[in-house]
Amino acid sequence: MTLSAAPSSAAPQAPLAPPSPAVARLPGHIRKLVPAEREVILAHLLRLDPLSRFMRFGGVVSDGALARHATRLVSGDASAIGYFVDGELRAVAELHPLGTRPGKPAAAEAAFSVERPWQGKGIGSALMKHLVLLAQNRNIAELQVVFLPNNGPMRNLAVHHAADLQLDDEEMVGRMRAPRATFFSQAREFIGDIFAVLSSASALQGRMLPPHLRGN
């Protein structure tokens, strides 16, 4: 899903991402985001630097557009995965089901946003693995990533996950196949859902405490 973006005649260039260490070496954890975390998602999007925001949405978007996007993300049929460090959401992967297409497999678009200090560390690739699990359990056969041709990190991510790339108008489109759902994939998501609910409830409780009573 792409927000309406103002055209730009001089799109900034995103550098190619260097080889990344395993995300397991990083602090924090990855889990599904829940509807009650709309403000957490919005705060993350607002922290994106101008270049990261431009690359994520394919153009210039306002803070108000980000607020509407966060609302759609938690209130529609999309799903989202978040990467947290010390209780703060630092990266998000989104899964947006596409409309039914006669004679074609069910498809969904994947989108990623990673705050600048956490880019180039393998977080996008780790989030993609979680998105594949969500797609797998929703009978989505094809995952698509849409990005600007000068978005080196997204190109690297698509190539790393064996996506077929093609230029569509002024955007690059990567397509990859998702495996069929299994008992084990459904069990993994179910366990992850339990963790997401407990973790988000704990975080919400912590944010409601007065500052002097919080753990940090």
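The values are calculated or read from the model by the stated rules, or taken from the named source; none is laboratory data. Model, not experiment: these values are computed from the prediction. Backbone-built Cβ (ideal geometry, glycine too); neighbour counts: all protein chains shown.
Being buried (at least 18 other Cβ atoms within 10 Å of the Cβ), within 19 Å of P35 (Cβ to Cβ) and not aromatic (F, W, Y) narrows it down to one of L143, L95, so name that one. Before you say what the answer is, go through the steps one by one.
On the way: L143 fails: within 19 Å of P35 (Cβ to Cβ).
Unique residue meeting the criteria: L95.
Among the residues that make up segment 164-175, is at least one of them surrounded by 21 or more Cβ atoms within 10 Å (Cβ to Cβ) and assigned to a loop (DSSP other than H, G, I, E, B)? The answer is no, given that none of the residues of segment 164-175 is surrounded by 21 or more Cβ atoms within 10 Å (Cβ to Cβ) and assigned to a loop (DSSP other than H, G, I, E, B).
Specify the residue that is modelled with the lowest pLDDT; the eligible residues are those in segment 26-64 that are among the small types (G, A, S) and surrounded by 15 or more Cβ atoms within 10 Å (Cβ to Cβ). Steps first, answer last, please.
Within segment 26-64, the first condition is being among the small types (G, A, S), and the residues that meet it are 28, 36, 43, 52, 58-59, 62, 64.
Checking which are surrounded by 15 or more Cβ atoms within 10 Å (Cβ to Cβ) leaves us with 28, 52, 58-59.
Details: G28: 86, S52: 94, G58: 89, G59: 90.
Among residues in segment 26-64 that are among the small types (G, A, S) and surrounded by 15 or more Cβ atoms within 10 Å (Cβ to Cβ), the one modelled with the lowest pLDDT is G28.
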